[in-house]
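Okay, so here's the structure we're looking at.
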Amino acid sequence: VFQHALLVTEGKLDYTQFCILVFKYLTGLQIGAQYVAKEKLNLNTKINEQIYMLATSLCGWAFYESEKGLELDYNSFTNPFRTIKLARSIELYGPADLIGDLIFKEFRYAIDQKDYYVAAIKESNFDEAEMHLNYFIACLYRRKDGKKRKPLNTDDLDALAKDVEGIPMWQKQWILTWFSFCISYIKTVPFDIEGAEVELELLFPESEVESIKGLGWSGILIDITKSQVFGTLEQCDNYSLFRVLLFWYKTHLENLKEKARNQ
């Protein structure tokens, strides 16, 4: 279903065709010899109309309408690919649901590579885009070292990217879509971190999106390190993403309270 949905967003498959294909797939609808014979004589008008109505009313949930046209309506933070098995007996291990086990370093490098990929696509630099997409996947998926993914060594990104080259493009796109939804969820939906409910939307107000983008996650890392709570830059980079975000959130609330007291 996801592969067909990608074809729709790329303009390679008609929306109605998508709905009918998905309807057939999910219902197990079979096309028999009798139907084929009647189709040649244009005798299937009624059943074709019924299939069309059912398919378009029941199988259009993969998209939503925007100013840009049909866009993929992906809304799950559950990682569908915790483990990816490739040829040559390679097994790659990915993040937990809602990227809950990423360290800050993995997160910020993945964000950067994702942004580079999007920029390359916009400029039609497809070879460069593929390189950054592989780097992005390598920031999230690596071979296992004991019970955990091997640590991310960014100096080895070229070698790590070779491991992920064999992942099918539709699967890479699914990982990218899932990761993007997780980021959107973290930014906009209140959730618990270590028993504390946080609303990280406070850290990403619409009016400050561009300034945050300009600062970058590396700048945020430097600011957080100044507090010495997590130690050095390298130590902070290797802390749990959510623990770093929780500290950033609490610091932000304290700054707002201090600002209110001084007014």
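The values are calculated or read from the model by the stated rules, or taken from the named source; none is laboratory data. Small disclaimer: the values here were computed from a predicted structure and weren't measured. Cβ placement follows ideal geometry from the backbone for every residue including glycine, while neighbour counts extend to all protein chains displayed. Side chains included, ligands, DNA and RNA excluded: accessible areas come from the protein's heavy atoms. Shrake-Rupley method; radii C 1.70, N 1.55, O 1.52, S 1.80 Å.
Collect the residues in the range 22-45 that are among the polar types (S, T, N, Q) and either open to solvent by 90 Å² or more (accessible area, probe 1.4 Å) or outside any helix (DSSP H, G or I) (or both), keeping them in residue-number order.
Hits for the range 22-45 are GLN30, GLN34, ASN42, ASN44.
On the basis of being in contact with a His (Cβ under 6 Å, 6 or more places away or on another chain) and part of a helix (DSSP H, G or I), does PHE18 make the cut?
yes
Do we find a residue being modelled with pLDDT of 85 or more, among the polar types (S, T, N, Q) and open to solvent by 50 Å² or more (accessible area, probe 1.4 Å) anywhere in the range 240-255?
So far as the range 240-255 goes, no, none of its residues is modelled with pLDDT of 85 or more, among the polar types (S, T, N, Q) and open to solvent by 50 Å² or more (accessible area, probe 1.4 Å).
Residues checked against (1) open to solvent by less than 20 Å² (accessible area, probe 1.4 Å); (2) more than 26 Å from SER76 (Cβ to Cβ); (3) in a loop (DSSP other than H, G, I, E, B); (4) touching a strand residue (DSSP E or B) at 6+ places or on another chain (Cβ under 8 Å):
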{"residue": "PHE107", "(1), (2), (3), (4)": "yes, no, no, no"}
{"residue": "ASP115", "(1), (2), (3), (4)": "no, no, no, no"}
{"residue": "ILE137", "(1), (2), (3), (4)": "yes, no, no, no"}
{"residue": "LEU152", "(1), (2), (3), (4)": "yes, no, yes, yes"}
{"residue": "LEU160", "(1), (2), (3), (4)": "no, yes, no, yes"}
{"residue": "GLY166", "(1), (2), (3), (4)": "no, no, yes, yes"}
{"residue": "GLN171", "(1), (2), (3), (4)": "no, no, no, yes"}
{"residue": "TRP178", "(1), (2), (3), (4)": "yes, no, no, no"}
{"residue": "PHE181", "(1), (2), (3), (4)": "no, no, no, no"}
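Give the number of residues within the range 96-105 that are buried (at least 18 other Cβ atoms within 10 Å of the Cβ) and either touching a Pro at 6+ places or on another chain (Cβ under 8 Å) or free of Cβ contacts under 8 Å to residues at least 60 places away in the same chain (or both).
1
Across the range 1-15, what is the number of residues that are open to solvent by less than 40 Å² (accessible area, probe 1.4 Å) and part of a helix (DSSP H, G or I)?
4
Within the range 92-105, work out how many residues are of a type in the set (Phe, Trp, Tyr) and in a helix (DSSP H, G or I).
Adding up the residues that qualify gives 1.
Give the residue, chosen from TYR35, TYR52, that is of a type in the set (Ser, Thr, Tyr) and at pLDDT 90 or above.
On inspection, the qualifying residue turns out to be TYR52.
What number of residues within the range 118-134 satisfy the criterion of being open to solvent by 30 Å² or more (accessible area, probe 1.4 Å) and closer than 20 Å to ASP163 by Cβ?
The qualifying residues number 4.
Out of all the residues in the range 46-91, which are within 30 Å of LYS162 (Cβ to Cβ), open to solvent by 80 Å² or more (accessible area, probe 1.4 Å) and part of a loop (DSSP other than H, G, I, E, B)?
Result: ARG82, ARG88, SER89.
Quick check on my filter: what residues within the range 94-142 are at pLDDT 95 or above, of a type in the set (Phe, Trp, Tyr) and within 23 Å of GLU234 (Cα to Cα)?
TYR135, PHE136, TYR141
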